[in-house]
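Worksheet: the structure to be examined is printed underneath.
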Amino acid sequence: MPQIRLDNLVKRYGAVQVLHGIELDMAENEFTVLVGPSGCGKSTTLRMIAGLETVSDGEIYIDGRPVKDLDPKDRGLAMVFQDYALYPHMDVASNISFALRLQKRPRAEIDAKVREVAELVGLSDFLARKPGALSGGQRQRVAMARALAKDSEIFLFDEPLSNLDAKLRGQMRAELAIMRQRVQKNMIYVTHDQIEAMTLADRIVVMNGGYIQQQGTPEELFKRPANKFVAGFLGSPPMNFLGATLVREDDMLMAQGAAFKVAIPADTAARLPTSQTSVILGVRPSDLNYNSEAPDAEAFDLRVKVSEYVGAQSVLLCECGSTDITVELKSETPIALGETLRFALRPEGIHLFDPKTEMAL
Amino acid sequence: MTSQRLNKLTPYMFMAPAAIIMAVALLYPLGYMIYGSFRDWNPSQTIGESEFVGFKNYITLFYDPAFRESLSVTLTFAFAVVTAELVIGVGLALLLDRNIRGMSVLRTLFILPMMIAPVVVGLMWRYMYHPTVGTFNRWLKSWGFEGVDWLGQHALLSVIIADIWQWTPFIFILSLAALQSLPRSALEAARIDGATAWQQIWYIKLPLMMPVLIVTALLRLIDAFKVLEVILVMTEGGPGLSTEIVALRISRTATEFRELGTAAAMSNYLLILLLVLTLAMFAITRLQEARAARLARQIQEEG
Ligand SMILES: Nc1ncnc2c1ncn2[C@@H]1O[C@H](COP(=O)(O)OP(=O)(O)OP(=O)(O)O)[C@@H](O)[C@H]1O
Ligand SMILES: [Mg+2]
């Protein structure tokens, strides 16, 4: 039941530095999700933990033991690869049992283990098939079963669902969440899909450009993003950002932009440094509700440019002065393109960022 | 003739020139050889003047100890060189399949022998094997050993070594290509599963390279049965019949013994042998294709 600690982890390829001092502590049995845009260094971090990439600087501790110079096989971990990495010439049973056979475990024990994990992932009928004769979802299960069979304490996943179609991905995601409850292990999961990150993680680590931007529970990150990048990365449709200046009116702090002026809640206002004159106002579409009666200081007037029908909800792209804002609206609401609608802003939905540092205020 | 019929014939009209050239250049000599193999035929005669003898040439050859000897030399030579070349070539490929600086230069150097004309290779090795002034014996003597009678007592071994030197690179580059197209992530998975370098080679790399290795080995085997120049230049088949491979015996039967019919029959024996090998090769590729197709169908049926 190990803890994993990354201590100032650095990776360089020649002169290019792709990881800039990653500091990360993972508690026992924690499901950690590394998430970030393509090329941000998620896979590199994971592969360094696995021992497939060398560490340029820093150290990796598993249970307090430095492992940077150990072979992958001596780190006691199992990994599921994006392309599944099955052994094409072995049937499913041999794929699952490969690690155990290398360990020269007794025949009966191996057979029992193969049956057990095949049952767990629903592969019992396919044990004699070669990977080439399996569908994508089935291959994915074999990869999962192979990792489970090893009884490792640490599981690494590198975008295990990204090669599946949307429907199967949703199904496998649910199965993974169920498996997660049954198998209490340390899991580190790399993805660029924020839904996977939000639904599976105990702790999300958002990375960008080789730096950790923020880490915490999904709720923490969603409600209190540390900076504009995290705020914009998590949540769908993404958060709207509007430039605004701060003005004081009758003891109320207001954020004023080209075509809006909204009140900032007192507790948020109290936190702001007095020198702050301009901010970036961040508002999630889900915090804007269609309400023609809303008071001026808590509302945006938006002109509808495009309406995207996605089922019960429609996503509207609207104009607010010169910037665009996305909002969500129940599809049955009768609206016309070009119409100006009033949206009420939930006071908790106001996020302020410094325009220069982009840090949350 | 309707235009539809004409349309159907068009492709054949375009193919006709190639087909005619094939027939003239390939089938005619082949037919000529088969026809000749049933005749008692002397180079001073035209083929029409020669006498038809039925299977006499084939039967005589079958019981001819010299031909049998020559056949066994050929088989020994072919299987020995292919086995050795496979082991060394695949071994080198496994060793050099890594990204170290200068590796591409090294790889290029390794395949140089293959690019040298066989006659030159023969001459080179004949010189190196020379009992007194040859490179090998001079080295041996300078280190205080006895010289070795390379092209005398150990003639077959010596020509085998020369062939290995020339043709190992062929297996090496094909194995290297096969190795580099192996799925990287499967090898990484094996490392995580706990496979040592040897176990990775034995359980993952070699099995995955096997289809390429089988075809490569068959190609080399077919080639080794027909080798002529190197041995002709190095030993001329001697001493005695010790290095007289079938190709060499055919050329001697035709030129020295002036028995064109027998030579043709011998060629046909060799041809049959090669045909069997080639068919084996096709059969293996077809089997692999059929298996792949069956798998694809299986997946499709499941939707
Ligand atoms: N062998 C290499 N040589 C040089 N640069 C590399 C090498 N491997 C990766 N990189 C660089 O390192 C950075 C991080 O790559 P990494 O694979 O970790 O990204 P990622 O976050 O996993 O992205 P994705 O979501 O696309 O998989 C990228 O900018 C990539 O170009
Ligand atoms: Mg990646």
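The values are calculated or read from the model by the stated rules, or taken from the named source; none is laboratory data. This is a predicted model, so every value here is computed, not measured. Every residue, glycine among them, receives a Cβ derived from its backbone with ideal geometry; neighbour counts consider all protein chains shown. The accessibility values were calculated without ligands, DNA or RNA, using every heavy atom of the protein model including side chains. Shrake-Rupley method; radii C 1.70, N 1.55, O 1.52, S 1.80 Å.
Could you tell me what % of all Cα pairs in chain B have separations over 36 Å? Don't skip to the answer; put the middle values down first.
Working: 17691 of 45753 pairs.
Within chain B, distances greater than 36 Å cover 39 percent of Cα pairs.
When the C-alpha atoms of the protein assembly as shown are aligned to their principal axes, what extent does each axis show, in angstrom, from largest down?
For the protein assembly as shown, the Cα extents along the three principal axes come out at 125, 85, 51 Å.
Sequence gap at least 6, Cα distance under 8 Å: using those rules, report the relative contact order of region B:197-303 to the nearest whole percent. The partial results should precede the final answer.
Numbers: 44 pairs, mean separation 21.9, N = 107.
Computed over region B:197-303, the figure is 20 percent.
Could you tell me how many cubic angstrom of Cα convex hull volume region B:1-52 has per residue?
Dividing the Cα hull volume of region B:1-52 by its residues yields 113 Å³.
Apply the Kirkwood formula to region A:4-233: the hydrodynamic radius equals the inverse of the mean of 1/r over all pairs of different alpha-carbon atoms; give it in Å with one decimal.
Computed over region A:4-233, the radius equals 18.3 Å.
By how many degrees, 0 to 90 and rounded to 10, does the Cα axis of helix A:166-182 deviate from the longest principal axis of chain A?
70
Using the alpha-carbon atoms, what tilt in degrees (0 to 90, nearest 10) does helix A:107-121 show relative to the longest principal axis of chain A?
Once rounded, one gets 20 degrees.
Out of the total accessible area of region B:68-302 (probe 1.4 Å, heavy atoms of protein only), what percent is carbon and sulfur?
68
May I ask you to derive the relative contact order of region A:240-353, considering only C-alpha pairs under 8 Å and at least 6 residues apart, and to give it as an integer percent? Intermediate results must be reported in sequence, preceding the final value.
Details: 235 pairs, mean separation 33.4, N = 114.
Relative contact order comes out at 29 percent.
For chain B, what's the relative contact order in percent, using C-alpha pairs closer than 8 Å and at least 6 residues apart?
Relative contact order comes out at 28 percent.
State the Cα centre-to-centre distance between region B:230-303 and region A:318-361 in whole Å.
If you average the Cα positions of each part, the centres end up 78 Å apart.
Using a 1.4 Å probe and counting only protein heavy atoms, how much accessible surface gets buried when A and B come together, both sides summed, in Å² to the nearest 100?
Values: alone 17220 and 18640 Å², together 33800 Å².
Between A and B, the summed buried area is about 2100 Å².
For region A:250-317 and region A:1-57, what is the separation of their Cα centres, given in Å?
First find each Cα centre; the distance between them is then 38 Å.
Helix by helix, which DSSP H runs in chain B go 30 Å or more along their axis at the Cα atoms and have an average Kyte-Doolittle hydropathy of -1.0 or more?
Qualifying helices, which must be both long enough and hydrophobic enough, are B:65-96, B:155-180, B:260-302.
How tilted is helix A:92-102 with respect to the longest principal axis of chain A? Cα atoms for both, answer in degrees (0 to 90, nearest 10).
Computed tilt is about 70 degrees.
Could you size up the charge dipole of chain A around its Cα centre, putting +1 on the beta carbon of Lys and Arg and -1 on that of Asp and Glu, and report it in debye to the nearest 20?
The calculation lands at about 1440 debye.
Just the accessible area per residue of chain B, please: how many Å² with a 1.4 Å probe?
In whole numbers, chain B has 58 Å² accessible per residue.
Only protein chains counted, 1.4 angstrom probe. Which residues of region A:59-84 are at least 10 Å² less accessible in the assembly than when their chain is isolated?
By number: A:PRO72, A:LYS73, A:LEU77, A:MET79, A:PHE81, A:ASP83.
Nearest 500 deg cm²/dmol is fine: what mean residue ellipticity at 222 nm does the protein assembly as shown get from its DSSP H runs of n ≥ 4 alone, each adding -39,500 (n - 2.57), divided by its residue count?
Numbers: 22 runs with 302 residues, N = 664.
Calculated from helices alone, the mean residue ellipticity at 222 nm is -14500 deg cm²/dmol.
Which value, in nm² and rounded to one decimal, describes the direction-averaged projected area of the C-alpha convex hull of region B:74-179? Walk me through the numbers before you get to the answer.
Numbers: hull surface 32.4 nm².
Average projection, Cα convex hull of region B:74-179: 8.1 nm².
Gaussian network model of chain B, Cα springs within a sub-10 Å range: biggest mean-square fluctuation belongs to which of B:PRO131, B:PRO169, B:PRO29?
Top of the fluctuation ranking is B:PRO29.
Near A:ILE280, within a Cβ-to-Cβ distance under 12 Å, what is the net charge of the other residues, with Lys and Arg +1 and Asp and Glu -1?
Summing Lys/Arg as +1 and Asp/Glu as -1 gives 0.
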